[in-house]
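Here's the structure, in structure tokens; my notes come after.
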Amino acid sequence: MKKTFFLKLFVSFFFITLLYTSLFIMLTFPLIKKHYINALTDELKELAVVLQPQILPLIKDNRTVEIDEVVKKHRRNIETRITIINPDGTVLGDSDEEPKTMGSHSDRHEIILALNGESGTSIRFSETLEKDMLYVAIPISEGGPVLGVVRVSVFLSDIDILIGKLQKRILFVVMGIILLSLGGALLFSHALSKPIREIEKTAQKVADGNFKARVFLKQRDELGRLAHSFNFMAERIDTLFSELTHQKDELSRIISSIEDGLIVLDRDGKIMLTNESFQKIAGVQSPLEAYYWEVIRQPMLDELIKEAHTEKGSTHREIAFNEKIFHVGAAYVPSKDEIILTFHDITEIKNLETVKREFVTNVSHELKTPLTAIKGFLETMENVSDEKNAHYLEIIVRNTERLIGIVGDISHLSELEERGNLPSLERVNINRIILDVIAIFETQIGEKGLTLTTDLEDKKTAIMADPFQLEQIIINLIDNAVKYTNEGEINITAKTDDHWFTLSVTDTGIGIPEEDLPRIFERFYRADKSRSRRLGGTGLGLSIVKYIVLLHNGSINVESTLGSGSTFTIKLPNEKK
């Protein structure tokens with residue numbers, strides 16, 4: 001059975017009324033009975049006092065027969081039993097019984113008190129009359145010793161009958177009060193529960209999606225204010241729901257229009273949201289509520305998702321499936337413990353990179369042979385040419401050497417970019433490599449009058465790296481420092497700690513303009529183009545350096561001031577293997 005607010009309120013009023021009336025009856029009836037007994041006791045005392053002057057002379061003269069006749073005479077006029085007792089407990093006269101047949105009353109409680117000069121009262125069962133009676137006894141005396149006792153008594157059954165009639169009247173009154181209270185409680189409960197039911201019905205309508213539902217109450221009390229607040233809340237919910245619906249539709253349109261594939265996974269790997277692009281990529285119609293591994297079976301995708309969950313951040317990886325290559329990004333959403341995956345098709349880009357690499361490799365290979373032959377014949381012509389053509393031959397030789405250097409650097413860079421061409425790591429003595437490279441440039445440094453200083457650790461510094469690639473890094477950095485420094489010094493610093501190896505090459509050369517710093521690692525980019533060409537730079541040295549550093553999971557940084565020199569700093573992981 002559904003317990004409504006009205007029923008709860010009415011039942012509460014009913015039980016409260018019943019409790020209070022029950023307590024009233026339980027407390028009132030004993031008090032009424034006690035009051036009647038006290039009143040009757042006082043009446044009996046007055047009657048005994050009235051009888052005392054009549055009995056006193058008879059007791060003094062020891063006229064026992066007359067005493068019995070007097071009390072029996074009074075019994076005919078009043079419905080009260082009268083008993084006269086002498087000090088030894090002998091009954092001298094009784095209005096209802098023969099004194100001779102009655103035993104001693106000296107042990108009666110009220111008689112004992114009266115013989116002691118006090119008024120005695122007692123309620124007990126009379127063995128003579130076999131009924132409960134109320135006894136009141138007073139002493140008979142003339143200011144001296146007690147001469148006897150006057151005891152008057154009545155049946156308690158008479159009091160019980162009177163009290164019973166009174167109790168019936170009280171019960172009728174109480175029942176009337178209960179009925180009136182319940183009627184009032186019924187009306188009050190109905191009046192109080194009706195607006196609450198209205199609010200409940202309207203709340204259910206709002207819960208069912210009808211945000212236009214409103215409560216209209218006439219009350220100006222707390223319920224009226226509650227209805228007003230509820231209407232305001234429903235209006236706000238309607239407005240917010242409309243905004244959310246609009247935003248959801250707009251978001252759905254945006255997600256659907258994204259060319260990249262997009263899915264959202266819950267903590268268990270179920271697909272909670274997707275767009276049409278992903279459905280085309282995966283070749284499925286409706287992947288919602290399916291597990292991602294049921295749609296895309298790719299171990300690298302599993303690793304990517306686990307990595308995003310573990311790191312609680314974003315990560316990405318190139319993954320190939322369905323004969324295409326995708327750049328897949330995974331972002332962790334901590335509020336819902338979800339993963340957002342994006343799939344960007346880079347198949348064409350990778351194909352272009354492959355074509356470009358193959359083209360560069362082929363062109364480099366094809367150019368090497370004729371350039372080498374041209375250089376050889378030019379060197380032969382230098383030996384047989386006259387002085388008039390020597391200048392032109394020198395220019396041709398210099399540019400041929402530059403072309404050979406460019407082709408070599410392009411070929412080397414292409415080799416580094418080959419898929420899977422990772423560094424061959426081994427433990428190498430970095431100080432030994434630095435000193436070996438410095439020996440290569442000693443002649444050039446001496447010809448330019450430069451000072452070379454080193455700050456190397458005394459211990460044999462060893463790190464995990466590819467020795468050939470590490471040597472290329474140092475060669476390129478020192479070569480640039482020598483080329484672009486006309487005077488001053490070049491300083492090489494190498495330090496290691498528990499996590500990193502740091503190499504810095506500082507020069508006092510021409511420096512690099514601030515606006516060129518972000519682009520110096522681009523291929524063929526030169527900050528000072530005319531000087532670079534004159535010095536024979538290929539424009540690929542720093543690109544090769546950066547690529548090798550990235551292959552080693554390191555970083556490279558440059559600080560430079562135009563006219564004051566530059567500092568190139570690389571950091572490589574110092575792995576303990």
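What to note about this one:
- Evaluation of Pro334 against (1) surrounded by 11 or more Cβ atoms within 10 Å (Cβ to Cβ); (2) under 28 Å from the mean Cα position of the chain (by Cα) (one fails), failing number: (1)
- For the residues Ile520, Ile475, the requirement of being of a type in the set (A, V, I, L, M) and modelled with pLDDT of 80 or more singles out Ile475.
- Qualifying residue in the range 311-326 (condition: surrounded by fewer than 15 Cβ atoms within 10 Å (Cβ to Cβ), in a loop (DSSP other than H, G, I, E, B) and under 25 Å from the mean Cα position of the chain (by Cα)): yes
- Residues located in the range 253-275, provided they are of a type in the set (Asp, Glu) and surrounded by fewer than 14 Cβ atoms within 10 Å (Cβ to Cβ): Glu259, Asp268
- Any chance Thr569 is over 14 Å from Lys483 (Cβ atoms), modelled with pLDDT of 75 or more and in the same structural domain as Asp455 (by TED's automatic domain parsing): yes
- Answer from Gly209, Gly176 - the residue that is outside any helix (DSSP H, G or I) and either loosely packed, with under 11 Cβ neighbours inside 10 Å or within 32 Å of the chain's Cα centre (by Cα) (or both): Gly209
- Scanning the range 552-577 for residues that are farther than 19 Å from Ile510 by Cβ and either among the acidic types (Asp, Glu) or crowded, with 17+ Cβ neighbours inside 10 Å (or both) yields His552, Gly554, Ile556, Ile570, Lys571, Leu572, Asn574, Glu575.
- The set of residues from the range 246-283 being assigned by TED's automatic domain parsing to the domain that holds Lys324 and more than 19 Å from His344 (Cβ to Cβ) comprises Asp266, Arg267, Asp268, Gly269, Lys270, Met272.
- Count - residues of the range 219-236 that are closer than 15 Å to Arg197 by Cβ and either of a type in the set (D, E, K, R) or not in a helix (DSSP H, G or I) (or both): 1
- Matching option when the condition is surrounded by 14 or more Cβ atoms within 10 Å (Cβ to Cβ) and in the same structural domain as Arg236 (by TED's automatic domain parsing), among Leu226, Leu182: Leu226
- Single condition Arg76 does not satisfy, out of (1) surrounded by 15 or more Cβ atoms within 10 Å (Cβ to Cβ); (2) within 20 Å of Glu46 (Cβ to Cβ): (1)
The values are calculated or read from the model by the stated rules, or taken from the named source; none is laboratory data. Note that the structure is a prediction, hence the values are computed from the model and not measured. With ideal geometry, Cβ positions are generated from the backbone for all residues, glycine too; neighbour counts draw on all protein chains shown.
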